[in-house]
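Supplied in structure tokens, the structure appears directly below.
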4 protein chains.
Amino acid sequence: MARPRSNDKRDAILNAAVEVLAEMGERAPTSKIAKLAGVAEGTLFTYFNSKEELLNQLYLSLKAELRHVMMLGYPTDTDLKAQMHHVWQSYLNWGISAPQKRKVMAQLSTSEQITEQSKQIGMQSFCDLTQSIQNQVDKGCLRDYPPLFIGSIFGAMAEVSINFMVQDPMSAESYRESGFEAFWHAVAIM
Amino acid sequence: MARPRSNDKRDAILNAAVEVLAEMGERAPTSKIAKLAGVAEGTLFTYFNSKEELLNQLYLSLKAELRHVMMLGYPTDTDLKAQMHHVWQSYLNWGISAPQKRKVMAQLSTSEQITEQSKQIGMQSFCDLTQSIQNQVDKGCLRDYPPLFIGSIFGAMAEVSINFMVQDPMSAESYRESGFEAFWHAVAIM
Amino acid sequence: MARPRSNDKRDAILNAAVEVLAEMGERAPTSKIAKLAGVAEGTLFTYFNSKEELLNQLYLSLKAELRHVMMLGYPTDTDLKAQMHHVWQSYLNWGISAPQKRKVMAQLSTSEQITEQSKQIGMQSFCDLTQSIQNQVDKGCLRDYPPLFIGSIFGAMAEVSINFMVQDPMSAESYRESGFEAFWHAVAIM
Amino acid sequence: MARPRSNDKRDAILNAAVEVLAEMGERAPTSKIAKLAGVAEGTLFTYFNSKEELLNQLYLSLKAELRHVMMLGYPTDTDLKAQMHHVWQSYLNWGISAPQKRKVMAQLSTSEQITEQSKQIGMQSFCDLTQSIQNQVDKGCLRDYPPLFIGSIFGAMAEVSINFMVQDPMSAESYRESGFEAFWHAVAIM
DNA sequence: AATGAATGAGGCTTCATTCAT
DNA sequence: GATGAATGAAGCCTCATTCAT
């Protein structure tokens, strides 16, 4: 048998892509990505058939990571607000500690190179969260908005909060809580 | 590099840029933009010294247009909520009727090519709005958040709303009002 | 007005292509062709949109040149055999004096990159010759073969003759006449 | 480089090469050939040291096959014309039933990658035929041309005939016989 | 001022070949 | 022997920018 494909290498390429994309945007050359990943340029193309595929896979991988992080330690036996707060904290912590990944996710979200299919798949990652929001809407705890709408508001508010936290670290904790408070008032029935 | 003469041409180039950028993202070539604008490739560079300058000017121009649109017919002698609602409607109408411009603004906002300075200037367009928000905070009508934070929440909620309106035109008006309602609860003291 | 496109440059590229293709076959790189033509590699692509187009244009240009050469000084008021002999001589002289062009024409004729359309057009160059053959067939001077068939036999015999002339220059004149004799017997009614 | 073991694999590679070369010309990648042959990319290189060697071997193999086919059932005790006609039929049948092989042989014949040596060897395959032609020339049955010249005329006329048969199958049999007739008149003394 | 041909660096991708498994 | 991942040199083509006209 020949050398098997290495997950390490695949990950190294994805990580390198994050770094180069964060620095150069969509114009990040595959050569720079490969070099930073420590592989030959040709090798990149044994793991991803094209630059476009690399970008799409990266997009999905980041979405999956974010989703994973948000669900880590999710408290099942507390009230809705506490649960939401937990997810809020996880999101913000990730966004602050992985600024390049966050930046790249934002870039890719508006990129022409990300296919509609990838966006669909990326969204489906969050369908259990969506479902759980639906349940709360049905119970009358949240305003009667489509759960995806609520989810998008959550994401938008989180992004705004992270931006302010990063730009003004002194007041970071204040933004963190204000953001959640604003979100909560936006969607909860009190 | 002689002085450019025609504002028409400058505008034609900016408009063409919107179209090509919307279709191709950051990889939109200046040649395509020039062609669509009806000028020669070289002519583009008498109006903008470089592609980067073109992108920055476009960014500022779009920000200015949005700001202009939002302030059109601003009602000075009603209550805060009505004022905000007016601006909300203006923003959403613009976003829906100029989807390419909106798309390009989102792209440019995450682009490496837009300088920090441009972002600063773009933000200052809205400083009168910001000032007026500050006044309302001081009067206790809005939560005690920094006015830029409130402004960002406004923008973020508007973007979310437009996305849903565009994607699901049947329920557009419902999203429009739900979005405003959510925003208002997020920031107002009731 | 900007600099106009130069026919000289176009021709230089085509001539360079002949040389490099003769030496390297279809794997001739555009970079070598451009260099030999004395232009930048990018310039090649302002004259030909792609390598494939370059090859097709070259094919047509060679066909046209051959056709032109064959008709130079075509004697209209002699008998058929003398006319054919004239064309024979022209073909062979060209083939011998332009061995690279001949070689490249042979290569391109079997190349995947030459479109069916190019082959059609290339063949139509010779339609007046074909017509004149048809007339002779009708008059009973040539065997009752389709004129294109006779034309192909002509070409094939000429190619064989040139090959032997080139390979064995001492007997060149003998092959030249033997070839014509064989062709004539193949198609003429005596 | 160990010794290859399986003739089956060697043949599979050669057959795959025919197919891929017919479709893609000289730019046929070894990887595609290997895949179609059902072996690993690397395996190809245990059977052929380089792509060039593969092409040369393929060329020789095709020449040998053609030679073999042409001599199958060769009638030794009939007159010259019948013998030639037999060979003619064999050649044409092969050419029509194996169009890819024929196409590839034509390609390789004009390819830079085929060495002079291979061409020599390929020609020698036909030396017994050549010898037999020489005898007929000596006996005054054929024109006094070098036998290789006659052989080349034979090949050229056969190729022309096959081309027309393939392109116009309705008249195939007519081309088949006309072609032979033309060839015979070209070289025979009647 | 306007034009668009010219430039050549650089981008993405392919591919013959090697070599670890 | 067989495999196919790894390599990196090329290959084709694009494009921002310059400059002759």
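The values are calculated or read from the model by the stated rules, or taken from the named source; none is laboratory data. Bear in mind that the values here come from a model prediction, so they are computed numbers and not experimental data. Positions of Cβ are backbone-derived with ideal geometry, glycine not excepted, and every protein chain shown enters the neighbour counts.
Inspect region C:88-106 for any residue being away from every other protein chain (no Cβ under 14 Å), in contact with a helix residue (DSSP H, G or I) (Cβ under 9 Å, 6 or more places away or on another chain) and of a type in the set (V, I, T) and give the result as yes or no.
Yes, that holds for at least one residue.
Note down all Cβ pairs under 6 Å where the first residue falls in region B:42-57 and is of a type in the set (D, E, K, R), the second is more than 8 Å from DNA strand F (Cβ to nearest atom) and not in a helix (DSSP H, G or I), and they're at least six residues apart or on different chains.
B:E52/B:Q113
Looking at C:R67, is it within 13 Å of DNA strand F (Cβ to nearest atom), modelled with pLDDT under 95 and either within 23 Å of the chain's Cα centre (by Cα) or of a type outside the set (S, T, N, Q) (or both)? Before the answer, list the steps.
On the way: within 13 Å of DNA strand F (Cβ to nearest atom): no; modelled with pLDDT under 95: yes; either within 23 Å of the chain's Cα centre (by Cα) or of a type outside the set (S, T, N, Q) (or both): yes.
Considered against the rule, which asks whether it is within 13 Å of DNA strand F (Cβ to nearest atom), modelled with pLDDT under 95 and either within 23 Å of the chain's Cα centre (by Cα) or of a type outside the set (S, T, N, Q) (or both), C:R67 comes out as no.
Take region A:28-41 and flag every residue that is within 10 Å of DNA strand E (Cβ to nearest atom) and surrounded by 15 or more Cβ atoms within 10 Å (Cβ to Cβ). Give the steps one after another, and end with the answer.
The first filter runs over region A:28-41 and keeps only residues within 10 Å of DNA strand E (Cβ to nearest atom), leaving A:28-34, A:40-41.
A:A28, A:T30, A:K32, A:I33, A:A34, listed by residue number.
Something else now. Select from region C:116-134 the residues that are in contact with a helix residue (DSSP H, G or I) (Cβ under 9 Å, 6 or more places away or on another chain), under 22 Å from D:S109 (Cβ atoms) and within 14 Å of chain D (Cβ to nearest Cβ) and list them in ascending order.
Correct list: C:K119, C:M123.
While we're on this one: Check D:P75 against each of (1) over 24 Å from D:E112 (Cβ atoms); (2) at pLDDT 95 or above; (3) within 22 Å of the chain's Cα centre (by Cα) and name the one condition it does not meet.
Of everything listed in (1) over 24 Å from D:E112 (Cβ atoms); (2) at pLDDT 95 or above; (3) within 22 Å of the chain's Cα centre (by Cα), D:P75 misses just condition (2).
Continuing with the same structure: For the structure I just gave you, tell me whether D:L54 is at pLDDT 95 or above and away from DNA strand E (no atom under 11 Å from the Cβ).
Values: at pLDDT 95 or above: yes; away from DNA strand E (no atom under 11 Å from the Cβ): no.
Considered against the rule, which asks whether it is at pLDDT 95 or above and away from DNA strand E (no atom under 11 Å from the Cβ), D:L54 comes out as no.
Let me ask something else. Could you check A:L21 against (1) more than 10 Å from DNA strand E (Cβ to nearest atom); (2) surrounded by fewer than 17 Cβ atoms within 10 Å (Cβ to Cβ) and say which number it fails?
Among (1) more than 10 Å from DNA strand E (Cβ to nearest atom); (2) surrounded by fewer than 17 Cβ atoms within 10 Å (Cβ to Cβ), A:L21 violates only (2).
Go through (1) within 9 Å of DNA strand F (Cβ to nearest atom); (2) surrounded by fewer than 20 Cβ atoms within 10 Å (Cβ to Cβ); (3) over 22 Å from the mean Cα position of the chain (by Cα) for A:L44 and report which single condition fails.
Evaluating A:L44 over (1) within 9 Å of DNA strand F (Cβ to nearest atom); (2) surrounded by fewer than 20 Cβ atoms within 10 Å (Cβ to Cβ); (3) over 22 Å from the mean Cα position of the chain (by Cα) leaves (2) as the failure.
So that you can scan it fast, the table gives a plain yes or no per residue for (1) more than 15 Å from A:S152 (Cβ to Cβ); (2) at pLDDT 95 or above:
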{"site": "B:I114", "(1), (2)": "yes, yes"}
{"site": "B:M123", "(1), (2)": "yes, no"}
{"site": "B:F126", "(1), (2)": "yes, no"}
{"site": "B:L129", "(1), (2)": "yes, no"}
{"site": "B:E159", "(1), (2)": "no, yes"}
{"site": "B:N163", "(1), (2)": "no, yes"}
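Among what's in region C:83-140 and is among the basic types (K, R) and more than 14 Å from C:A64 (Cβ to Cβ), pick the residue that is surrounded by the most Cβ atoms within 10 Å (Cβ to Cβ).
The extreme case among them is C:R102.
Is it true that B:V39 is away from chain A (no Cβ under 14 Å), β-branched (V, I, T) and within 12 Å of DNA strand F (Cβ to nearest atom)? Break it down stepwise before answering.
Values: away from chain A (no Cβ under 14 Å): yes; β-branched (V, I, T): yes; within 12 Å of DNA strand F (Cβ to nearest atom): yes.
Criteria met by B:V39.
State yes or no: is D:L44 near DNA strand E (Cβ under 8 Å from one of its atoms) and either at pLDDT 95 or above or within 21 Å of D:A16 (Cβ to Cβ) (or both)? Give the derivation first.
Values: near DNA strand E (Cβ under 8 Å from one of its atoms): yes; either at pLDDT 95 or above or within 21 Å of D:A16 (Cβ to Cβ) (or both): yes.
Here the answer is yes, as D:L44 does meet what is asked.
Restricting to region B:23-36, what's the tally of residues that are within 14 Å of chain A (Cβ to nearest Cβ) and aliphatic (A, V, I, L, M)?
Result for region B:23-36: 2.
Only residues that are without any contact (Cβ under 8 Å) to a residue 24 or more places away in the chain and in contact with a Phe, Trp or Tyr (Cβ under 8 Å, 6 or more places away or on another chain): list them for region B:134-154, please.
Kept after step one, since they are without any contact (Cβ under 8 Å) to a residue 24 or more places away in the chain, are these residues of region B:134-154: B:134-135, B:137-139, B:144, B:146-147, B:149, B:152.
Hits for region B:134-154 are B:V137, B:P146, B:F149, B:S152.
Is it the case that some residue within region D:155-175 is at the interface with chain C (Cβ under 8 Å from one of its Cβ atoms) and of a type in the set (D, E, K, R)?
Scanning region D:155-175, I find at least one residue that is at the interface with chain C (Cβ under 8 Å from one of its Cβ atoms) and of a type in the set (D, E, K, R), so the answer is yes.
When you check C:E112 against the structure, is it part of a helix (DSSP H, G or I), of a type outside the set (A, V, I, L, M), within 16 Å of DNA strand F (Cβ to nearest atom) and within 14 Å of chain D (Cβ to nearest Cβ), yes or no?
Details: part of a helix (DSSP H, G or I): no; of a type outside the set (A, V, I, L, M): yes; within 16 Å of DNA strand F (Cβ to nearest atom): yes; within 14 Å of chain D (Cβ to nearest Cβ): yes.
When the stated conditions are applied, C:E112 does not pass them.
Has region A:57-67 got any residue that is within 16 Å of DNA strand E (Cβ to nearest atom), in contact with a helix residue (DSSP H, G or I) (Cβ under 6 Å, 6 or more places away or on another chain) and closer than 24 Å to A:I114 by Cβ? Steps first, answer last, please.
Filtering region A:57-67 for residues within 16 Å of DNA strand E (Cβ to nearest atom) gives A:57-59.
Remaining after also requiring in contact with a helix residue (DSSP H, G or I) (Cβ under 6 Å, 6 or more places away or on another chain): A:58-59.
Subsequent filtering for residues that are closer than 24 Å to A:I114 by Cβ retains A:58-59.
The answer is yes; a qualifying residue exists.
Please verify whether C:S152 is within 7 Å of chain D (Cβ to nearest Cβ) and closer than 20 Å to C:R102 by Cα, treating the condition exactly as stated.
Values: within 7 Å of chain D (Cβ to nearest Cβ): yes; closer than 20 Å to C:R102 by Cα: yes.
So C:S152 passes the test.
Still on this structure: Can you list residue pairs whose Cβ atoms sit under 8 Å apart, with the first residue in region D:73-98 being more than 19 Å from D:G151 (Cβ to Cβ) and the second being aliphatic (A, V, I, L, M)? Count only pairs 6 or more apart in sequence or on different chains.
Cβ pairs passing all conditions: D:I96/D:I162; D:I96/D:M165; D:I96/D:V166; D:I96/D:A172.
Assess whether C:K81 counts as being away from chain D (no Cβ under 14 Å), charged (D, E, K, R) and farther than 22 Å from C:E173 by Cβ. Explain how you work it out, then say what you get.
Values: away from chain D (no Cβ under 14 Å): yes; charged (D, E, K, R): yes; farther than 22 Å from C:E173 by Cβ: no.
No: the conditions fail for C:K81.
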